[in-house]
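Here's the structure we're looking at; comments come further down.
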Amino acid sequence: MIRNIAGSVLALAGATAAVWSPFRAWYDGRHGRDYAVGDLFTGITDAKSDVLGSILLPFAFAALVTLVGVVLRSRLLVALAGLVVLGFTILWMVRVGQAEGSLAVGPDGAGLGDGVANALGGGVLLLLGALVMSGRSHRPHRVDLPPHGPARPAPGATPETPAPYAPYGEAPYGEAPRADAPYAETRTLDVPGGPPAPDPERKNPPPGG
């Protein structure tokens, strides 16, 4: 949590510095909002650009991406915003160096101005914010375990498939319940000679002694 807060503060500070930089002097007193975005790809000219079509446009886009990244706690989005700011600033420096022959830093606003420093610093702060942020915390996935007891047989099971274990006194799944015999099964014993033949003339045999 603390890392996300610190990283968000750095990222927001970097985005603010990047958006504010076009309103400062970039080179020889010329503000960044006077440079058109198209001049960064075709070459720097003396023509002034509208504010919405100036170098402010990519910086405003980077600030919007930063806000989304801070809300979502996405380090990737914040880092992407920092790369956009640094990329356009470095591209501007290359184009100005080609147009002027060299880049210089002089007194009284000559050469590179504080607007370039704000842009570079804002891009660095955005990257630092992405590094400091811890990102989203991933919660462990919860796996619901099956209830205790034997599992139901799979559909389409054949009678040859052994029935799963069932607790004592209960029939296995897939079979009809059966009553346990309280006594042992009655067995017939074979006696040599066979049982004595009954006397047909004797109706009331005496009780056994």
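The values are calculated or read from the model by the stated rules, or taken from the named source; none is laboratory data. What you are looking at is a predicted structure, and each value in this text was computed from that prediction instead of being measured. Glycine gets a Cβ as well: all are built from the backbone with ideal geometry, and neighbour counts include every protein chain shown. Surface accessibility is based on the protein's heavy atoms, side chains included, excluding ligands, DNA and RNA. Shrake-Rupley method; radii C 1.70, N 1.55, O 1.52, S 1.80 Å.
Every test in (1) in contact with a helix residue (DSSP H, G or I) (Cβ under 7 Å, 6 or more places away or on another chain); (2) without any contact (Cβ under 8 Å) to a residue 60 or more places away in the chain is passed by Leu76 save one, and that test is (1). Of all residues in segment 13-34, those that are more than 14 Å from Gly129 (Cα to Cα) have Cβ atoms under 6 Å from Cβ atoms of residues that are among the acidic types (Asp, Glu) and open to solvent by 30 Å² or more (accessible area, probe 1.4 Å), 6 or more apart or on another chain, in Arg24/Asp114.
When you check Val37 against the structure, is it more than 19 Å from Gly121 (Cα to Cα) and touching a strand residue (DSSP E or B) at 6+ places or on another chain (Cβ under 7 Å), yes or no? So Val37 passes the test.
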